There are 2 protein chains.
Amino acid sequence: MLGRKVTLKDIANRAGLSVNTISRALKDKDDIAPATRQAIKTIAKEMGYVGNSAAGSLRSGHSRTIAVIVSDVANPHFGILVKDIENTARKHNYTIFVINTEENNELEERAIQIAISKNVDGILICPAQYSAENMHLMKRNGIPFVLVGRRFVDEPAFDYVICDDEKGGYLAAKHLLDQGHTRILFLNAPQRISSAQERYRGYMRAHEEAGLSVDPALTKEIGIRTGDAKEKVETMVERSEPFTGIFAFNDVIAWEAMYALQLRGCKIPEEYAIIGFDNIHSRMFVPFPLSSISSSQGEMARRAVEILLHKINRPDEEHSFKEVIDTAVISRAAANGAHG
Amino acid sequence: MLGRKVTLKDIANRAGLSVNTISRALKDKDDIAPATRQAIKTIAKEMGYVGNSAAGSLRSGHSRTIAVIVSDVANPHFGILVKDIENTARKHNYTIFVINTEENNELEERAIQIAISKNVDGILICPAQYSAENMHLMKRNGIPFVLVGRRFVDEPAFDYVICDDEKGGYLAAKHLLDQGHTRILFLNAPQRISSAQERYRGYMRAHEEAGLSVDPALTKEIGIRTGDAKEKVETMVERSEPFTGIFAFNDVIAWEAMYALQLRGCKIPEEYAIIGFDNIHSRMFVPFPLSSISSSQGEMARRAVEILLHKINRPDEEHSFKEVIDTAVISRAAANGAHG
DNA sequence: TTGTATGCGTTATCAC
DNA sequence: GTGATAACGCATACAA
């Protein structure tokens, strides 16, 4: 055991062959004698050889790796998304790694730099959207990338795969309006985020259609920090601000809102009806029902990977990819008298 | 805009200086004229330069990056752990990226290879533990690593940071036994995993102490797949196998068990008492109470990073690190008549 | 079928 | 303070 990284040279020395032969044998090139190849592979395995992709990609220009940059690893929505991305990527013989931005602009810039500096072939990113500047970092460096779940409407050059957020917002609000709720608290993400804007538009459209105006006091911006939604809901209840429905930007925020209501002794669904977004209850079993808007993460992940690989493999093609995946209401009612 | 990666050479051309000077200026070496440095930095920023750490680490031998290899990104426990690791690493000016193994041996091997091949300075890993072979891949390549949450008892050379799983298992079982439950279903992880073994030992010790023997039919192995716990619990209920308490290996399994019981119309906590592990309810607000064993992820993350950095910086020091962080019962009762 | 030479982008060393 | 040169580990082109 060397106690340091095993290189092609180490194997070459052991095998009495040139570095080149080792390299070609391990890459299964066809101009190596089968016996030689076998012998080399055995030695490589024995020595615990792990290729240095940093060196390899420096020379070859590709690494069969893609970086996935997400805004919140602790949100199961992204955990599921990452899993789905990984599965699709693996089918195409690509490996992924994940970098977290915590919805922070500086961390996002760092994340992109790390990805680029590790010579990834492409990047899938759910952008924090403080500005498009970080995206231009990828553009300028010629790295193929696809936006996932969010888009920049002012930047037609950026490809994306999103779900139909406007429709989702519309369906969510309509779902509650149809149940007779007229004052719907919208726990939305910050407005810089495209999906927040679009869901808001849908929320407004549903109200207009119902002939209702919306009290601006009912729209709150929730940050990524745990406890933010809880505090907002608590304040509303404390001040006896009237509302009976809640539409949450995502299911984790919805959970927190439900928690806050319970704390204050409010009854769900007797006093409040709630709907979330992402439909994560379809991918993990949680012991309370929550209606939600399905954004089809699996489909989103698959298309995002496929488009990215397409761009990686045909860098000169100018094709533009803008995919909007359909959304739908998934209605979950209280089963056995429990809340929902 | 070049439309390809910006290199030091590009900046050197623009600035009319040598590549070496650019490199030294951007790295804030002190033998560069302040004016030169400033001019260079401006140009670099303008051109959207991103250092190629793949090339840099090839030469320098380090990258200020560590890889975090976890078994299930979709489990919020790991999401929180990753966040905490990231925070500590950032304080020391290290960047992390995450690779998922889905508790699969081949994916784990691939993950380790990716990490090593990207020239990371060290690895934090929650091993899948099919064998210690994958760990030896790191050992043989001289990459510092620290096990997080799991350990190899037969391999005294592998450093780790874990929580006191035996005590955790003991406390969990005792918590339920003290409430009068004598038949406690243990939804454990597979036995190859050290924490599963140790929690099982604790579970047994609590029973012995109470003068009770344990029915082997009450111990089930739950895989990583969503739905596994649900099916096991449903089968138990269907067959009317008697039990009134459940101890789940982690909180996500506990959620699923509660879900399954509710589906069958079982009442919690009237008919069943449940306790989980990881205490993720302390880091996200979920609208139902769940008692759990606190494993102090924050502390675990902090220590793991510190130990890893120590090993990176003092590679010759033979110091061995084996840290066991205390566990405790966090009891959560039903608040407003809801279940718990 | 195998070996030799070259260069990827960066950093370390040394000369000026 | 700055520039020239070599080297990291690997893959490619080409020679043998």
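The values are calculated or read from the model by the stated rules, or taken from the named source; none is laboratory data. Predicted model, so just to flag it, every value in this text is computed and none were measured. When we count neighbours, we look across all protein chains shown, and the Cβ atoms used for this are built from the backbone with ideal geometry, even at glycine.
Among the residues of the range B:165-199, those identified as among the basic types (Lys, Arg) and surrounded by fewer than 23 Cβ atoms within 10 Å (Cβ to Cβ) are B:Lys167, B:Lys174, B:Arg183, B:Arg192.
Hand me the list of helices (runs of 4 or more DSSP H) wholly inside the range A:99-188 holding 2 or more residues that are without any contact (Cβ under 8 Å) to a residue 12 or more places away in the chain.
A:105-117, A:133-140
Checked across the range A:209-223, the condition of being outside any helix (DSSP H, G or I) and within 30 Å of B:Ile253 (Cα to Cα) holds for at least one residue.
The rows are residues; the columns are (1) closer than 18 Å to A:Asn75 by Cβ; (2) modelled with pLDDT of 95 or more; (3) surrounded by fewer than 20 Cβ atoms within 10 Å (Cβ to Cβ).
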| site | (1), (2), (3) |
| --- | --- |
| A:Glu256 | yes, yes, no |
| A:Gly265 | no, no, yes |
| A:Ser291 | no, yes, no |
| A:Gln297 | yes, no, no |
| A:Ala304 | yes, yes, no |
| A:Asp316 | no, no, yes |
| A:Glu323 | no, yes, yes |
| A:Asp326 | no, yes, yes |
| A:Ala335 | no, no, yes |
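The number of residues in the range A:60-79 being at the interface with chain B (Cβ under 10 Å from one of its Cβ atoms), out of contact with any Ser or Thr (no Cβ under 9 Å at 6 or more places or on another chain) and assigned to a helix (DSSP H, G or I) comes to 2. Surrounded by fewer than 23 Cβ atoms within 10 Å (Cβ to Cβ) and farther than 14 Å from A:Lys118 by Cβ: which single residue out of B:Leu58, B:Leu124, B:Leu107, B:Leu81 fits that description? Exactly one residue qualifies, and that residue is B:Leu107. Taken together, the criteria place B:Met284 among residues that are in a loop (DSSP other than H, G, I, E, B) and buried (at least 17 other Cβ atoms within 10 Å of the Cβ).
Being more than 10 Å from DNA strand C (Cβ to nearest atom), among the polar types (S, T, N, Q) and closer than 30 Å to B:Arg302 by Cβ is a description that applies to B:Asn75.
Tell me, yes or no, whether the range B:27-34 has at least one residue that is at pLDDT below 95, over 30 Å from B:Ile193 (Cβ atoms), part of a helix (DSSP H, G or I) and away from every other protein chain (no Cβ under 13 Å). Within the range B:27-34, one or more residues are at pLDDT below 95, over 30 Å from B:Ile193 (Cβ atoms), part of a helix (DSSP H, G or I) and away from every other protein chain (no Cβ under 13 Å). Within the range A:14-45, the set of residues being within 12 Å of DNA strand D (Cβ to nearest atom), among the β-branched types (Val, Ile, Thr) and without any contact (Cβ under 8 Å) to a residue 12 or more places away in the chain comprises A:Val19, A:Ile32.
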